[in-house]
Amino acid sequence: MASADTQSLLDALDEPAMAIDHGVVRHSNAAARELLGVGIDGKDVRLAIRHPQALEHILPGAAGDVEITGIGQFGRPWTLSIRAIDQGMLLIRLIDRSAAIAAEKMRVDFVANASHELRTPLSTILGYAESLADDADLDSEHRAKFGAIIRGEAKRMLRIIEDLMSLSRIEAVRFVTPDDRVSVAEVTASAVENAGRGAQHCSIRLDVEQQLPAVLGDRAQLLQLVDNLLSNAIRYGCEQGECVIRVAASRGDGWIRLSVADNGPGIPREHLRRVTERFYRVDAARSRESGGTGLGLAIVKHIVERHKGTLEILSTVGAGTEVLVRLPIAP
Ligand code: ADP
């Protein structure tokens, strides 16, 4: 292979890559020079990559893939790929494994969190069920009280399981673009009607522009999205006397803007970035007491992603929270 070809091949790669000829770096791309230093071309590979474990694989010249941590940057995980290209030359590529490791960690954390969330009410149920079964002298007042606790905790488990199933159903159709023509005006009106019964202490205002164009969507999911945002506004935004929730929909440039805003206590800035993570709560006890599962905003985020929309959470402590969703107008 001519030298110019090798260089242009390396330049076309996004990951750090080098061609090594008899232990010397002959060519490198910009990503490799950024990681290992600008002067690596022409250097002995042992000086360019000062990593004994990587060199153990590169110097003998045997093709293969090895998982290695810490080349160029402390703690950064790589797959070191070694391939023979031409007349003793080796192609060395460093493929970043950070994203794959983060995804795997998220999966493991999710299973651990979900198990913990389900085990807590289950332990309570077991404890009270044992008292009911074993204590023959228990008076009727205590029996009724324990029964009510068992029912409450079982309902909580059911809500968590239903939300987990919702989340996995939405994930299963993640790559299937929804294609029904859905009226956001109709969906918001239905959600406000559903919420009305549970929201005696706050007033909900519906402010929807006339003649709003349709979006291409999944009606059940869009209804779930507005339902979740409204329940949060009621659950967290309605603690003081004068609470007002505004559900608004209007037309933007190519988008429908759908917003649910409350004048509640708001979300502190340091939590804002994380509230759409599964099971993340600002105040776990308050969320549980009021029937939250910690999955509402994660479900919202997944529904918005499936609809190729955008999600913004704007909040000021002491003033309120607005969740703004943009959905593309149907062509
Ligand atoms: P949950 O089931 O706990 O409500 P969510 O995923 O819907 O879970 O929300 C995550 C967390 O974000 C909540 O526990 C709450 O702390 C915070 N949050 C969500 N919406 C609001 C809001 N409108 N006002 C204040 N805090 C909110």
*What do you reckon, is residue 54 in the same structural domain as residue 12 (by TED's automatic domain parsing), surrounded by fewer than 17 Cβ atoms within 10 Å (Cβ to Cβ) and farther than 15 Å from residue 26 by Cβ?*
no
*Please verify whether the range 187-197 includes one or more residues that are at pLDDT 95 or above, closer than 20 Å to residue 309 by Cα and within 15 Å of the ligand (Cβ to nearest atom).*
yes
*Give me the pairs: first residue in the range 296-319 and in contact (Cβ under 8 Å) with a residue 12 or more places away in the chain and among the acidic types (Asp, Glu), second residue within 11 Å of the ligand (Cβ to nearest atom) and not in a helix (DSSP H, G or I), beta-carbon distance under 8 Å, and six or more apart or on different chains, which are they?*
312/323
*Consider only pairs whose beta carbons are under 7 Å apart and that are at least six residues apart or on different chains; among these, list those whose first residue lies in the range 266-287 and is buried (at least 18 other Cβ atoms within 10 Å of the Cβ) and whose second residue is of a type in the set (Phe, Trp, Tyr).*
278/110
_Identity of the residue in the range 262-297, part of a helix (DSSP H, G or I), under 17 Å from the mean Cα position of the chain (by Cα) and more than 6 Å from the ligand (Cβ to nearest atom), that ends up nearest to residue 330 (Cα to Cα)_ = 272
*Say we look at the range 298-312 and pick out the residues that are touching an Asp or Glu at 6+ places or on another chain (Cβ under 9 Å) and near the ligand (Cβ under 8 Å from one of its atoms); which of these is nearest to residue 183 (Cα to Cα)?*
299
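Do any strands (runs of 3 or more DSSP E) lying entirely in the range 1-96 carry at least 3 residues that are in contact with a Lys or Arg (Cβ under 8 Å, 6 or more places away or on another chain), and which ones are they?
In the range 1-96, the matching strands (runs of 3 or more DSSP E) lie at 17-21, 77-84, 89-96.
What number of residues within the range 193-247 are part of a loop (DSSP other than H, G, I, E, B) and farther than 25 Å from residue 276 by Cα?
11
Got at least one residue in the range 246-256 being closer than 30 Å to residue 284 by Cα, assigned by TED's automatic domain parsing to the domain that holds residue 319, at pLDDT below 95 and in contact with a strand residue (DSSP E or B) (Cβ under 6 Å, 6 or more places away or on another chain)?
no
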*Mind listing whichever residues of the range 315-330 are surrounded by 15 or more Cβ atoms within 10 Å (Cβ to Cβ) and among the aliphatic types (A, V, I, L, M)?*
323, 324, 325, 327, 329
_Among the residues that make up the range 147-170, is at least one of them surrounded by fewer than 11 Cβ atoms within 10 Å (Cβ to Cβ) and under 22 Å from the mean Cα position of the chain (by Cα)?_
yes
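The values are calculated or read from the model by the stated rules, or taken from the named source; none is laboratory data. Owing to the predicted nature of the structure, the values given are computational and were not obtained by experimental measurement. Here Cβ is always computed from backbone atoms with ideal geometry, including for glycine, and neighbour counts include all displayed protein chains.
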